[in-house]
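The values are calculated or read from the model by the stated rules, or taken from the named source; none is laboratory data. Remember, predicted model here, so these are calculated numbers, not experimental data. In this analysis, Cβ positions are derived from the backbone assuming ideal geometry, glycine residues included, and neighbour counts consider all displayed protein chains. The area values use the complete protein model at the heavy-atom level, side chains included, leaving out ligands, DNA and RNA. Shrake-Rupley method; radii C 1.70, N 1.55, O 1.52, S 1.80 Å.
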Amino acid sequence: MQTSFTITQLMDPQIASSEKILRACVHCGFCTATCPTYVLLGDELDSPRGRIYLIKEMLEQDRPATPEVVKHIDRCLSCLACMTTCPSGVHYMHLVDHARERIEKTYKRPVIDRALRAVLARVMVNPGLFRLAVVAGLIARPLAPVFAALGMRPVAAMLRLTPRRKPAPPAERSGKVYPPEGKRRGRVALLSGCINPVLAPSTNEAAIRLLNRHGIEVVIAAGEGCCGSLVHHMGREDEALSQARNNIDAWTHELEGQGLDAILVTVSGCGTTIKDYGFLLRNDPTYAAKAARISARTRDVTEYLAMLGLREAGTSAPLTVAYHAACSLQHGQQVLRQPKDLLSKAGFVVKDVPEGHLCCGSAGTYNILQSGLAEQLRARKVANIELLKPDAIATGNIGCIMQLASGTNIPVVHTVELLDWATGGPVPGPLVGLAKSGASAR
Ligand code: SF4
Ligand code: SF4
């Protein structure tokens with residue numbers, strides 16, 4: 001694609017980086033076929049190619065974001081299916097991240113929208129506040145239809161997504177070290193995160209047991225917190241970079257102290273962002289090198305487990321598992337085979353979901369801010385999963401777990417919970433009934 005940025009514009013490193021991305025696009029349109037919003041809406045401006053044009057115009061003309069740009073960029077899930085499909089290697093993720101930042105800086109959203117985003121950015125990254133919000137959501141859940149009727153769809157969506165059980169206060173894990181069973185084979189840091197400890201503490205508990213059982217010492221680095229991806233996807237770049245720097249400091253302290261073989265992540269949305277810290281902080285002289293080092297050490301937990309090799313399995317029931325590939329894992333990190341291979345080797349019958357490249361609609365805060373589209377995508381995903389008649393759904397991202405669980409009665413668990421169970425751990429909570437009834441492969 002031809003561009004016409006001025007020399008002065010190109011002196012801005014962000015513009016220079018986006019210009020390279022724009023030039024790589026050859027307008028072929030292959031990406032449109034796998035873009036969920038284009039599949040649903042059929043509008044070129046809701047396709048990757050259309051959005052690329054909108055971003056190009058906004059940046060080239062150095063103008064504030066228009067309502068049209070905001071509408072179509074807001075509808076983008078950042079699922080990155082377009083990056084998997086693109087034959088020209090267009091780095092859409094960095095381009096749309098730049099566009100979201102530009103929107104945040106130059107577009108004044110309606111006051112309610114601004115307030116909602118500010119609350120999400122403040123509450124969701126803080127486990128204590130987030131738990132209080134979930135408890136409040138539980139009480140207000142029956143009012144979801146009232147909020148929907150009043151046109152407050154994001155609030156209605158939040159209430160519908162609220163889990164039905166009150167979450168326990170998140171365990172204090174900061175600085176804790178979990179020693180391995182037997183001889184130590186390695187040492188890793190595990191991201192505790194912000195949403196996971198409230199909505200699915202069982203995920204990291206399973207990951208720690210599983211790693212310890214295989215000789216790996218696990219540390220939750222003192223001071224680590226939200227990875228920054230939630231605010232990053234809202235274009236709130238200063239907050240995202242501040243959260244990234246905080247984690248880089250926490251993990252660098254461990255790296256330079258007792259050493260780390262890897263930084264492991266059980267939420268693939270966070271993993272994609274942490275693997276991108278090197279790019280995000282490339283222009284920060286103090287953090288660029290440290291950020292690149294942290295990104296290079298970061299692995300999805302299943303990448304690391306596949307490399308480690310799991311011990312003889314067989315303590316679980318041979319369930320049929322539909323593997324839902326989270327977009328951030330399959331498109332963002334290109335981690336494709338490892339979770340499925342691990343589950344198969346652990347004795348589960350693993351089935352691929354038809355249209356597996358399409359997002360389930362979760363996408364960070366998307367299922368709150370774009371609830372109509374998110375619900376359509378969830379319905380489509382659930383229908384595809386139910387065709388398989390699985391005993392359970394496995395996935396590697398808390399957002400997907402919550403999104404799918406709100407649309408089906410099939411139990412949804414994290415991949416590591418199944419692997420932990422298969423190698424001697426407890427039955428994952430949502431599967432207790434199934435395990436007792438002795439569900440078997442169909
Ligand atoms: S990230 Fe997903 S929703 Fe956005 S343009 Fe690419 S394929 Fe479409
Ligand atoms: S597939 Fe790639 S090169 Fe083709 S239009 Fe989409 S982004 Fe551009």
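Values as computed for the structure displayed
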read-out	value
Subset of region 329-347 [open to solvent by less than 40 Å² (accessible area, probe 1.4 Å) and at pLDDT 95 or above]	LEU329, GLN330, HIS331, GLY332, GLN333, VAL335, PRO339, LYS340, LEU342, LEU343
Residue within region 115-138 that is open to solvent by 50 Å² or more (accessible area, probe 1.4 Å) and in contact (Cβ under 8 Å) with a residue 24 or more places away in the chain present	yes
Residues that are open to solvent by less than 10 Å² (accessible area, probe 1.4 Å) and either in contact with a strand residue (DSSP E or B) (Cβ under 6 Å, 6 or more places away or on another chain) or among the charged types (D, E, K, R) (or both), drawn from region 392-412	ALA392, ILE393, ALA394, LEU404
Some residue of region 100-108 being within 15 Å of ligand 1 (Cβ to nearest atom) and either open to solvent by less than 30 Å² (accessible area, probe 1.4 Å) or free of Cβ contacts under 8 Å to residues at least 24 places away in the same chain (or both)	yes
Helices (runs of 4 or more DSSP H) (entirely within region 1-96) containing at least 1 residues that are touching a residue at least 40 places away in the same chain (Cβ under 8 Å), in contact with a helix residue (DSSP H, G or I) (Cβ under 6 Å, 6 or more places away or on another chain) and closer than 25 Å to SER229 by Cβ	13-24, 36-41, 48-60, 81-85
Any helices (runs of 4 or more DSSP H) falling wholly within region 255-331 and containing at least 2 residues that are in contact with a Phe, Trp or Tyr (Cβ under 7 Å, 6 or more places away or on another chain)	288-297
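Each row is one residue, and each column tells you yes or no for (1) buried (at least 17 other Cβ atoms within 10 Å of the Cβ); (2) free of Cβ contacts under 8 Å to residues at least 12 places away in the same chain; (3) part of a loop (DSSP other than H, G, I, E, B).
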position: PRO167; (1), (2), (3): yes, no, yes
position: ALA171; (1), (2), (3): no, no, yes
position: GLY182; (1), (2), (3): no, no, yes
position: PRO197; (1), (2), (3): yes, no, no
position: ARG209; (1), (2), (3): yes, no, no
position: VAL218; (1), (2), (3): yes, no, no
position: CYS227; (1), (2), (3): yes, no, yes
position: MET234; (1), (2), (3): yes, no, yes
position: LEU241; (1), (2), (3): yes, no, no
